[in-house]
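Colleague: Okay, handing you the structure first.
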Amino acid sequence: MIIQHLEVKNYRNLQYGVIIPQNGINIIYGKNAQGKTNLLEAVWLFTGGRSFRGAKDSDLILHGENRAEINLDFFSGERGQTAQIFIESGRRNAVLNGVAQKSASGLIGKFFSVVFSPEHIALVREGPSLRRDFMDAALCQIRPGYAALLSRYNHTLVQRNTLLKDIPRHAELMDTLEIWDEKLAAYGETVVRGRMEYIESIREPVKEIYAGISNHEEAIDLNYQKSADDLKQALKAARREDVAAGHTSVGPHRDDIDITIDRRSARAFGSQGQKRSAVLALKLAEAELLFRRTGERPVILLDDVMSELDSGRQDYLLNHLNSCQVFITCCEPGAVKQLREGALFEMDGGTLIKK
Ligand SMILES: Nc1ncnc2c1ncn2[C@@H]1O[C@H](COP(=O)(O)OP(=O)(O)OP(=O)(O)O)[C@@H](O)[C@H]1O
Ligand SMILES: [Mg+2]
């Protein structure tokens, strides 16, 4: 996956800009608040997902304007492709190779990218929902049908929860719980199986990459943590408790990934640097797996991460990303060692200058 040309109009503080990146490492440097992260965010939107900063679509339009547009020319599947994203009236629309998509999520599985920014440390530091999102987002990119399966599961979960809240007032509804439990267990088991396979497939790459990052001084491990072994059984067993609580206490929406460094919970005991390295290993493994499944190397977006890595870790990272197109943001132009072909750009007040 290679970006050949990117044009942004009225996207956040980027009123108008064009970038023609190189195949190797593209460094975008500039002072704080100039628009560096905004540019990476614009690239990321072509994965079909929402902003990696969790912003609302309407926040992505330049203040005072009512429409933002991003045009991307990229090389994938051995051919040149074009994609557009328009954001207006609180909606994000996409066009791929001239064909309007029903929604921006029509781009999922067409353009691949992996992003790593300082906020992503939350993936290890915070509660389980971000780790579930990590697996789900990755599976949506590589497994056709997973997004639909997940939404069926979530929809059924909402219906079961509504029923649980109604039961105290309408005891006769207790009998209908059986049907929902069966449906929920069937979807849920498939979600769990997909996630477990995903964790199994990134486990070795994560271990290897983490070992490389930590100069073989520390060992990471990860395991899928199920909230129930037999979901159907567990739902049945939890019925009374679930009615009392008004929500469903077991299922993939309660699962987690257990991440350990030297056999201790990374979340509870990991240092800041260890957590950051763990997230980096997860992200790079995600990129590796995307390549194995699709034959395409995702575009790598590294927002502001190099300055926090010592030069040995930087070398490891850049060597590891040898075959990918990479975009790196930083404040000082010399903050990143340029190990192979690439380009240098300065971002100044929303304007990009090729150096
Ligand atoms: N919708 C918008 N319209 C106009 N400006 C915006 C909009 N959204 C964000 N901005 C502004 O864009 C500017 C640049 O933000 P960005 O996060 O890209 O900076 P950055 O270059 O990555 O800085 P840092 O080095 O601090 O990370 C900020 O000043 C922000 O207020
Ligand atoms: Mg930034």
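The values are calculated or read from the model by the stated rules, or taken from the named source; none is laboratory data. Small disclaimer: the values here were computed from a predicted structure and weren't measured. Every residue, glycine as well, gets a Cβ built from its backbone with ideal geometry; the counts of neighbours run over all protein chains shown. Please note that ligands, DNA and RNA were not included when accessible areas were found on the heavy atoms of the full protein model with its side chains. Shrake-Rupley method; radii C 1.70, N 1.55, O 1.52, S 1.80 Å.
Colleague: Going by the structure shown, is residue 230 modelled with pLDDT of 95 or more, under 27 Å from residue 154 (Cα atoms), among the acidic types (Asp, Glu) and open to solvent by less than 50 Å² (accessible area, probe 1.4 Å)?
Modeller: Against the criterion (modelled with pLDDT of 95 or more, under 27 Å from residue 154 (Cα atoms), among the acidic types (Asp, Glu) and open to solvent by less than 50 Å² (accessible area, probe 1.4 Å)), residue 230 does not qualify.
Colleague: Next question, about the same structure. Which numbered condition trips up residue 46, out of (1) away from ligand 2 (no atom under 16 Å from the Cβ); (2) more than 18 Å from the chain's Cα centre (by Cα)?
Modeller: Looking at each condition in turn, residue 46 falls short on (2).
Colleague: Residues 152, 131: which one is at pLDDT 95 or above and open to solvent by 20 Å² or more (accessible area, probe 1.4 Å)?
Modeller: 152
Colleague: OK, next. Tell me which residues, restricted to the range 256-268, are part of a helix (DSSP H, G or I) and open to solvent by 20 Å² or more (accessible area, probe 1.4 Å).
Modeller: Within the range 256-268, 267, 268 qualify.
Colleague: Take residue 160 and tell me if it is assigned to a helix (DSSP H, G or I) and in contact with a Ser or Thr (Cβ under 6 Å, 6 or more places away or on another chain).
Modeller: So residue 160 fits the description; yes.
Colleague: What is the residue count in the range 1-18 for residues that are touching a Lys or Arg at 6+ places or on another chain (Cβ under 9 Å) and either assigned to a loop (DSSP other than H, G, I, E, B) or without any contact (Cβ under 8 Å) to a residue 24 or more places away in the chain (or both)?
Modeller: 2
Colleague: Say we look at the range 16-43 and pick out the residues that are touching a His at 6+ places or on another chain (Cβ under 9 Å) and open to solvent by 30 Å² or more (accessible area, probe 1.4 Å); which of these is farthest from ligand 2 (Cβ to nearest atom)?
Modeller: 20
Colleague: Continuing with this model, one more query. Does residue 126 satisfy the criteria of being among the charged types (D, E, K, R) and more than 16 Å from ligand 2 (Cβ to nearest atom)?
Modeller: Yes, satisfied.
Colleague: For residues in the range 12-51 being aliphatic (A, V, I, L, M) and within 10 Å of ligand 1 (Cβ to nearest atom), which is farthest from residue 337 (Cα to Cα)?
Modeller: Applying the filter and picking the extreme gives 14.
Colleague: May I ask you to say which residue of 5, 63 is over 16 Å from residue 302 (Cβ atoms), open to solvent by 10 Å² or more (accessible area, probe 1.4 Å) and within 13 Å of ligand 1 (Cβ to nearest atom)?
Modeller: None of the others qualify; the one that does is 63.
Colleague: If you don't mind, there's one more thing I want to ask. What pairs come up if the first residue lies in the range 235-254 and is among the acidic types (Asp, Glu), the second is part of a helix (DSSP H, G or I), and their beta carbons are under 7 Å apart, counting only those six or more places apart or on different chains?
Modeller: 242/164
Colleague: Going residue by residue through the range 213-225, is there one that turns out to be in a helix (DSSP H, G or I) and within 23 Å of residue 152 (Cα to Cα)?
Modeller: Looking for residues that are in a helix (DSSP H, G or I) and within 23 Å of residue 152 (Cα to Cα), one finds none in the range 213-225, hence no.
Colleague: Out of the residues in the range 324-351 meeting the condition of being more than 14 Å from ligand 2 (Cβ to nearest atom) and among the aliphatic types (A, V, I, L, M), tell me which one is nearest to residue 3 (Cα to Cα).
Modeller: Looking at residues that are more than 14 Å from ligand 2 (Cβ to nearest atom) and among the aliphatic types (A, V, I, L, M), I get 326.
Colleague: Name the pairs whose Cβ atoms lie under 6 Å apart, with the first residue in the range 31-60 and closer than 23 Å to residue 100 by Cα, the second within 9 Å of ligand 1 (Cβ to nearest atom) and assigned to a helix (DSSP H, G or I), and 6 or more positions between them or separate chains?
Modeller: 51/41
Colleague: Let me ask something else about it. Does residue 355 meet the test of being under 30 Å from residue 60 (Cα atoms) and open to solvent by 70 Å² or more (accessible area, probe 1.4 Å)?
Modeller: yes
Colleague: Of everything in the range 269-320, what is open to solvent by less than 10 Å² (accessible area, probe 1.4 Å), closer than 15 Å to residue 1 by Cα and either part of a strand (DSSP E or B) or among the charged types (D, E, K, R) (or both)? Give them in sequence order.
Modeller: Result: 299, 300, 301.
Colleague: If you don't mind, another one. More than 19 Å from residue 327 (Cα to Cα), part of a loop (DSSP other than H, G, I, E, B) and open to solvent by less than 20 Å² (accessible area, probe 1.4 Å): is that true of residue 55 in this structure?
Modeller: For residue 55, the condition - more than 19 Å from residue 327 (Cα to Cα), part of a loop (DSSP other than H, G, I, E, B) and open to solvent by less than 20 Å² (accessible area, probe 1.4 Å) - is met.
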